[in-house]
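A short worksheet on the structure shown next.
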Amino acid sequence: MERPGRTILRLLGIAAFVFLVIAFICFMLIKLGAAPPVVLLGGPNPMPEERAQLIAEYGLNQPAVVQFIRYVVRTLAGEFGRSWQTGATVADDLLARLPATLELMVYALLLGALIGIPAGVAAAFSRGRAEERTARGAGLVGAAMPSFLLALLLLLVFFRWLDLSPAPSGRLSVVLTPPPTITGSYFIDAILMQDAAAARSALGQLILPVLTLALLIAAQLTLQVRTAILMQLDTAHFAYARAQGMSRDMLTGIAMRGAAPSIWAAFCGQCAALLGTTAVIEYVFAWGGVGQYGLEAMSRGDFAVMQAFILLSAALSLLVHLMHAGVRRVARLRIRRA
Amino acid sequence: MTGRRIPALVLGLPRRSPAAAIGLLIVLGFVVAALARPLVWPFGPGAADASSELIGPSLRHPLGTDETGRDMLARVIDGARYAIAVPLAALVLGIALGTPFGLLAGLAGGLADRLLRRLAQAIGFIPPLLLALALVAAMGPSLRHVVLALGVLEAMFFARAMRDQVRAMHDSGFIEAAVAMGNRRRRLILVHLLPNTLAGIASEMPRRAAWALATLAVMGFAGIGTAAGASEWGAMVREGTNAMFTGQWWLALFPGLALLLLGFGLQLLAAGIADLTLRSPASRAGDLAGATR
């Protein structure tokens, strides 16, 4: 018998441990820095009063242990400091940019799964034939494809040569005003506000970055789903089903059901690592999301932003991990009842 | 390895796994090109030439020239030195740092093993690409820091791979037999454990090298890491990006394609090795866990 109280306590303990480890890494980023922390946090030329304020805020004149404890407490309170590039607090900057990133990631994941899962299933079922080699080869090329190269190739073809796509200049044509925030997705918000021009522009801007990310996701999913299905094709119950002369569709269903946990795990794995790739794609398309913000902070040494960005990326994959575990748990309960 | 000699293994590769053979050929091709370029190609990667700026691909300059008239073929081949040396150094560092930890954790088991595993799991919540970028950004741009950051992340991977192998062997009976026969601990590790982990560790190397290569390229592209003007492929793509939209597409395209080709070679090699070593359906699970970005 499981005791829910103990499970929750254990989960909380693990969460606290994970948070401390990640906070420690973020804290160490400043200690690794070649410049004094005041410069890393306050920019190349902090004013004397800014300097004094930073030293007081972070306790920079105190021992490292005290600094770390202060950092943990501040982070738990949602204070991530100020970006010396934008001048705003990092928390505000991140919140303002998060919808752009989520919009990109959600559409890309949906499209990627829509391409990758059927391709992987088809590759597995055509074992040893040309279709399999094609799908697997495409998957390997996609796995080797540098994310920025795919983005640039698509831009070269569809923007520069065919002129079908708008310039990589963010989420909306510069002459339009963004729709009021309802869901955070420009495209959906524009539709809700019945703003046809904004909706068309938002969709146009979305297509290439979403396609880039989706193809990268699909390539990996194809390989992973193929492997998961192949393992099902070798099981005894599948051989029995085939021997009974079931139709191709029913056989696919049986293999899919068996492979579902692996496919779900592969999909969640893609979600968890996605922010890294998304950051690069945002950078190419000047998307203005948290990824581009974080990447630019890294290349300019804006340490407060860097720390918060790493924390955010870990929080996202922790959420995905919980989602993965939760669904698996529910599915297992259903199997036990059945 | 089933006691097969190395030459026989290499000569038999095209028949047993065409994918692995092609992959190996691509990787070796880049190594040979990087080594032979000064001997056979008339242009150097740093030789600016004011009379031939921004020329498109031609017979004289098959990949064109850049804005200071440098030959792009020479620069792309020069970039192979980074693309080969940096991942290789990261792998060496990662194996040297990671496998001892994995070995100790696997042997010790119990609390130490569980603690290390939890620690690795916690760090693993940060996407590896972003952690590598942040480490280099924090330490400051230099090739040594790039290798160090990549090596530390590879070490985490190899520690876990080693630990899993040792644990699996621990439970598999022949170690128990070796203990029962009165082998000393030292001999147990050196003769019975370590040699049997070699194949597993080696078979992961192409995929890990591909990861290091891709991460190195993103560092170059995002302007984190290698110094400006270096002929590292990611940095070359970054420098050529604007020119791509004004008509000089070859500046960014060819270094990017070189990245793709070498990465594809490594992926082919990894897939071929997986096909050769993971014949049994149950162990194909390794393939599932292996694909990372």
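Within region A:294-309, the set of residues being closer than 15 Å to A:Leu41 by Cβ and not basic (Lys, Arg) comprises A:Ala297, A:Met298, A:Gly301, A:Asp302, A:Phe303, A:Ala304, A:Val305, A:Met306, A:Gln307, A:Ala308, A:Phe309. Assess whether B:Ala19 counts as being of a type outside the set (S, T, N, Q), open to solvent by less than 40 Å² (accessible area, probe 1.4 Å) and in contact with a Gly (Cβ under 7 Å, 6 or more places away or on another chain). In short, yes. For region B:160-181, indicate whether the set of residues that are under 15 Å from the mean Cα position of the chain (by Cα) and either among the charged types (D, E, K, R) or open to solvent by 20 Å² or more (accessible area, probe 1.4 Å) (or both) is non-empty. Scanning region B:160-181 turns up no residue that is under 15 Å from the mean Cα position of the chain (by Cα) and either among the charged types (D, E, K, R) or open to solvent by 20 Å² or more (accessible area, probe 1.4 Å) (or both). Just to be sure I understand, how many residues within region A:151-171 are more than 9 Å from chain B (Cβ to nearest Cβ), buried (at least 22 other Cβ atoms within 10 Å of the Cβ) and either out of contact with any Phe, Trp or Tyr (no Cβ under 6 Å at 6 or more places or on another chain) or not in a loop (DSSP other than H, G, I, E, B) (or both)? Within region A:151-171, residues that are more than 9 Å from chain B (Cβ to nearest Cβ), buried (at least 22 other Cβ atoms within 10 Å of the Cβ) and either out of contact with any Phe, Trp or Tyr (no Cβ under 6 Å at 6 or more places or on another chain) or not in a loop (DSSP other than H, G, I, E, B) (or both) number 1. Looking for whichever is free of Cβ contacts under 8 Å to residues at least 40 places away in the same chain and closer than 30 Å to A:Gln224 by Cβ here; the options are B:Leu198, B:Leu269, B:Leu260. Which one fits? Of B:Leu198, B:Leu269, B:Leu260, the one residue that is free of Cβ contacts under 8 Å to residues at least 40 places away in the same chain and closer than 30 Å to A:Gln224 by Cβ is B:Leu260.
Scanning region B:128-155 for residues that are open to solvent by 30 Å² or more (accessible area, probe 1.4 Å) and not in a helix (DSSP H, G or I) returns B:Pro141, B:Ser142.
Among A:Gln232, A:Gln224, A:Gln220, which is the only one that is open to solvent by 20 Å² or more (accessible area, probe 1.4 Å), in a helix (DSSP H, G or I) and either touching a Cys at 6+ places or on another chain (Cβ under 8 Å) or closer than 30 Å to A:Trp264 by Cβ (or both)?
Numbers: A:Gln224 fails: open to solvent by 20 Å² or more (accessible area, probe 1.4 Å); A:Gln220 fails: open to solvent by 20 Å² or more (accessible area, probe 1.4 Å).
Exactly one residue qualifies, and that residue is A:Gln232.
Reported count of residues in region A:286-329, each being among the aromatic types (Phe, Trp, Tyr) and at the interface with chain B (Cβ under 9 Å from one of its Cβ atoms), is 2. The one condition from (1) at pLDDT 90 or above; (2) open to solvent by 40 Å² or more (accessible area, probe 1.4 Å); (3) in contact with a Pro (Cβ under 7 Å, 6 or more places away or on another chain) that A:Val284 does not meet is (2).
Of all the helices (runs of 4 or more DSSP H) wholly in region A:41-126, which have at least 3 residues that are open to solvent by less than 40 Å² (accessible area, probe 1.4 Å) and on the phi < 0 side of the Ramachandran plot? Please lay out each step first, then the result.
Working: elements: A:48-58, A:64-76, A:90-125.
Because the criterion is at least 3 residues that are open to solvent by less than 40 Å² (accessible area, probe 1.4 Å) and on the phi < 0 side of the Ramachandran plot, the helices (runs of 4 or more DSSP H) in region A:41-126 that meet it are A:64-76, A:90-125.
Take the conditions (1) out of contact with any Lys or Arg (no Cβ under 6 Å at 6 or more places or on another chain); (2) assigned to a helix (DSSP H, G or I); (3) open to solvent by less than 30 Å² (accessible area, probe 1.4 Å); A:Leu312 misses just one of them, which is (3). Can you spot a residue in region B:40-53 that is farther than 26 Å from B:Phe245 by Cα, in a helix (DSSP H, G or I) and either open to solvent by less than 70 Å² (accessible area, probe 1.4 Å) or without any contact (Cβ under 8 Å) to a residue 40 or more places away in the chain (or both)? Scanning region B:40-53, I find at least one residue that is farther than 26 Å from B:Phe245 by Cα, in a helix (DSSP H, G or I) and either open to solvent by less than 70 Å² (accessible area, probe 1.4 Å) or without any contact (Cβ under 8 Å) to a residue 40 or more places away in the chain (or both), so the answer is yes. Checking each residue in region A:1-40 for being open to solvent by 90 Å² or more (accessible area, probe 1.4 Å) and at the interface with chain B (Cβ under 8 Å from one of its Cβ atoms) picks out only A:Ala34. B:Met72 meets each of the listed conditions (1) in contact (Cβ under 8 Å) with a residue 24 or more places away in the chain; (2) over 10 Å from B:Leu251 (Cα atoms); (3) open to solvent by less than 30 Å² (accessible area, probe 1.4 Å) apart from (2). Does region A:196-218 contain any residue that is closer than 25 Å to A:Glu282 by Cα, within 14 Å of another protein chain (Cβ to nearest Cβ) and not hydrophobic (A, V, I, L, M, F, W, C)? Within region A:196-218, one or more residues are closer than 25 Å to A:Glu282 by Cα, within 14 Å of another protein chain (Cβ to nearest Cβ) and not hydrophobic (A, V, I, L, M, F, W, C). Based on this model, can you work out whether A:Ile263 counts as more than 7 Å from chain B (Cβ to nearest Cβ), open to solvent by 20 Å² or more (accessible area, probe 1.4 Å) and part of a helix (DSSP H, G or I)? When the stated conditions are applied, A:Ile263 does not pass them.
Inclusion of A:Val141 among residues that are at pLDDT 90 or above, over 25 Å from B:Gly263 (Cβ atoms) and in the same structural domain as A:Ser262 (by TED's automatic domain parsing) is not warranted.
In region B:208-228, of all residues being more than 9 Å from every other protein chain (Cβ to nearest Cβ) and open to solvent by 40 Å² or more (accessible area, probe 1.4 Å), the one that is nearest to B:Val146 (Cα to Cα) corresponds to B:Ala227.
If I filter region B:104-127 for residues that are away from every other protein chain (no Cβ under 14 Å), of a type outside the set (A, V, I, L, M), open to solvent by 50 Å² or more (accessible area, probe 1.4 Å) and in a helix (DSSP H, G or I), do I get at least one hit? Yes, region B:104-127 has at least one match. Listed by first and then second residue, the pairs linking a residue in region B:137-161 that is closer than 25 Å to A:Glu296 by Cα to a residue that is open to solvent by 30 Å² or more (accessible area, probe 1.4 Å) and polar (S, T, N, Q), with Cβ atoms under 8 Å apart and 6 or more places separating them unless they lie on different chains, are B:Ala137/A:Ser299.
The values are calculated or read from the model by the stated rules, or taken from the named source; none is laboratory data. The structure displayed is predicted, hence computed values, not measured ones. No Cβ is skipped: glycine too gets one built from the backbone with ideal geometry, and neighbour counts run over all protein chains shown. Each accessible area value is taken on the protein alone, full model and side chains, heavy atoms only, with ligands, DNA and RNA left out. Shrake-Rupley method; radii C 1.70, N 1.55, O 1.52, S 1.80 Å.
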